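The values are calculated or read from the model by the stated rules, or taken from the named source; none is laboratory data. As the structure is a computational prediction, the values presented were derived from the model and not from experiment. Because the Cβ atoms are built from the backbone with ideal geometry, glycine has one as well, and the counts that use them run over all protein chains shown. Protein only, heavy atoms only, side chains kept; ligands, DNA and RNA dropped before computing areas. Shrake-Rupley method; radii C 1.70, N 1.55, O 1.52, S 1.80 Å.
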Amino acid sequence: MRAMRLERTAPAEEAPLLPVDIASTAPGPGEVRVGVEACGVCRTDLHILEGEVPARLPIVPGHQAAGTVMAVGTGVPGLRAGDRVGIGWIASTCGRCAFCVSGRENLCLAATFTGRDRDGGYAERLTADARWVYPLPDGFTAREAAPLLCAGIIGYRSLKLSGIAPGGRLGLFGFGASAHLAIQVARHWGCEVYVFTREERHRDLARTMGAVWAGSADERPGVDLDAAVTFAPVGELVPVALARIGRGGTVAINAIHMSPIPTFPYETLYGERSVRSVMNYTRKDAEEFLELAARIPVRAEIESLPLADANRALLGVKRGKIRGAAVLDTR
Ligand SMILES: [Zn+2]
Ligand SMILES: [Zn+2]
């Protein structure tokens with residue numbers, strides 16, 4: 001099967017993913033083999049490419065894979081050949097630790113990740129642990145579903161951890177793949193959404209999607225926000241976001257890797273403001289979000305590229321040039 005594989009980390013400008021033809025593995029016990037039809041491109045893939053998130057090498061990246069079950073290993077209840085499914089970032093968890101048994105498997109220290117520890121969706125097929133494969137709701141093509149599988153689910157978890165209440169004033173810092181899906185959920189909850197982003201075309205998209213205000217991070221919208229989520233991997237944004245929220249508000253950081261957060265005066269945090277990071281997602285987040293996404297319905301803005309153009313897609317993410325989400329066509 002065709003795949004785009006990383007053998008040596010390098011800046012995206014050097015196009016480090018190489019086209020390869022590799023054997024696809026048969027599903028072992030508890031696994032399924034999936035024919036990938038589309039795979040979303042995530043900023044985490046860029047961090048893997050450039051070595052900021054260490055990965056097993058060589059690795060086929062990609063953790064937003066949507067397609068059809070081709071073969072099922074032994075001991076897999078509930079999935080059959082022909083089922084339409086999605087695979088996201090978490091590839092497995094231990095199932096036994098204190099985090100796993102309390103529904104916080106996103107924090108499992110023994111978790112493995114798709115496209116980091118086992119080959120992912122920048123390929124025609126992938127083999128996955130069936131416990132971390134989600135049936136796709138009706139109404140989405142594979143291409144439409146792909147960006148929901150990490151950008152969408154983690155964006156949803158970030159909204160929850162920000163504590164934003166229905167109707168509240170929410171700030172989104174950065175407006176890429178995850179934020180443009182999160183805004184649709186926030187609007188569904190009746191929130192007033194304020195978007196802070198550098199690129200004018202991202203501000204345009206934010207306004208089109210119902211933001212009441214869009215500007216740069218150094219502008220002030222003139223009201224205190226109840227909560228904020230930062231999506232850009234830029235530590236400088238954390239004190240800026242804190243300065244935009246009112247007392248008791250939370251800034252949730254949706255990032256797996258971030259530049260250092262600069263020091264800031266305690267007054268910026270005082271007033272019971274909180275900062276918290278968001279790590280992965282739970283199975284419950286995934287199930288809740290996919291159900292909600294079908295009901296709203298959440299629609300990703302998609303820039304579609306052939307699998308062979310994976311390097312170009314990642315460079316687009318790096319340069320902030322993707323409008324919405326980049327998705328690789330893997331058929
Ligand atoms: Zn991701
Ligand atoms: Zn665990």
Margin query: Take residues that are aromatic (Phe, Trp, Tyr) and tell me which of the strands (runs of 3 or more DSSP E) falling wholly in segment 137-254 contain 1 or more.
Written below: 169-173, 192-196, 213-215
Margin query: Against the conditions (1) within 28 Å of Leu49 (Cβ to Cβ); (2) surrounded by 14 or more Cβ atoms within 10 Å (Cβ to Cβ), where does Leu292 fall short? Just the number, please.
Written below: (1)
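Rundown of residues vs (1) of a type in the set (Ser, Thr, Tyr); (2) within 26 Å of Gly103 (Cα to Cα); (3) out of contact with any His (no Cβ under 8 Å at 6 or more places or on another chain), yes/no style:
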residue: Glu52; (1), (2), (3): no, no, no
residue: Arg56; (1), (2), (3): no, no, yes
residue: Val60; (1), (2), (3): no, no, yes
residue: His63; (1), (2), (3): no, yes, yes
residue: Ala66; (1), (2), (3): no, yes, yes
residue: Val69; (1), (2), (3): no, no, yes
residue: Leu79; (1), (2), (3): no, yes, yes
residue: Gly82; (1), (2), (3): no, no, yes
residue: Gly88; (1), (2), (3): no, yes, no
Note to self: Just to be sure I understand, how many residues within segment 210-234 are open to solvent by less than 20 Å² (accessible area, probe 1.4 Å) and free of Cβ contacts under 8 Å to residues at least 40 places away in the same chain?
What the structure shows: 3
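Every residue, every condition in (1) aliphatic (A, V, I, L, M); (2) more than 14 Å from the chain's Cα centre (by Cα); (3) within 16 Å of ligand 1 (Cβ to nearest atom); (4) on the phi < 0 side of the Ramachandran plot, yes or no:
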{"position": "His47", "(1), (2), (3), (4)": "no, no, yes, yes"}
{"position": "Gly51", "(1), (2), (3), (4)": "no, yes, no, no"}
{"position": "Ile59", "(1), (2), (3), (4)": "yes, yes, yes, yes"}
{"position": "Val69", "(1), (2), (3), (4)": "yes, yes, no, yes"}
{"position": "Val72", "(1), (2), (3), (4)": "yes, yes, no, yes"}
{"position": "Gly75", "(1), (2), (3), (4)": "no, yes, no, no"}
{"position": "Val85", "(1), (2), (3), (4)": "yes, yes, no, yes"}
{"position": "Arg104", "(1), (2), (3), (4)": "no, yes, no, yes"}
Next item on the list: Please list, ordered by first then second residue, the pairs with beta carbon atoms under 6 Å, 6 or more apart or interchain, first in segment 11-30 and farther than 17 Å from Arg125 by Cα and modelled with pLDDT under 95, second of a type in the set (S, T, N, Q) and open to solvent by 30 Å² or more (accessible area, probe 1.4 Å).
Entry: none
Notebook entry, point to check: Out of all the residues in segment 186-201, which are under 22 Å from the mean Cα position of the chain (by Cα) and surrounded by fewer than 22 Cβ atoms within 10 Å (Cβ to Cβ)?
Noted result: Arg187, His188, Trp189, Arg198, Glu199, Arg201
Note to self: With the condition being among the acidic types (Asp, Glu), I'd like the strands (runs of 3 or more DSSP E) fully within segment 257-329 carrying at least 1 qualifying residues.
What the structure shows: 302-306, 325-329
Next item on the list: Give the residue, chosen from Gly103, Gly95, Gly62, that is part of a loop (DSSP other than H, G, I, E, B), within 16 Å of ligand 2 (Cβ to nearest atom) and within 21 Å of Tyr156 (Cα to Cα).
Entry: Gly103
Check: Residues of segment 65-92 being open to solvent by 40 Å² or more (accessible area, probe 1.4 Å) and either in contact with a Gly (Cβ under 8 Å, 6 or more places away or on another chain) or part of a strand (DSSP E or B) (or both), which ones?
Finding: Met70, Val72, Thr74, Gly75, Arg84
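Given the residues Ala313, Ala325, which is the only one that is crowded, with 21+ Cβ neighbours inside 10 Å and either at pLDDT below 95 or in contact with a Ser or Thr (Cβ under 9 Å, 6 or more places away or on another chain) (or both)?
The match here is Ala325.
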Check: Pairs, please: C-beta under 8 Å, at least 6 apart or cross-chain, first residue in contact (Cβ under 8 Å) with a residue 12 or more places away in the chain and of a type in the set (Ser, Thr, Tyr) and in segment 98-118, second assigned to a strand (DSSP E or B) and open to solvent by 40 Å² or more (accessible area, probe 1.4 Å)?
Finding: Thr112/Arg118
Next item on the list: Would you be able to say whether some residue in segment 120-140 is open to solvent by less than 10 Å² (accessible area, probe 1.4 Å), at pLDDT 95 or above and farther than 27 Å from Pro306 by Cα?
Entry: no
Checklist line | Output for segment 23-48, where each listed residue is among the aliphatic types (A, V, I, L, M), closer than 19 Å to Asn254 by Cα and either open to solvent by 10 Å² or more (accessible area, probe 1.4 Å) or touching a Pro at 6+ places or on another chain (Cβ under 8 Å) (or both) | finding: Ile48
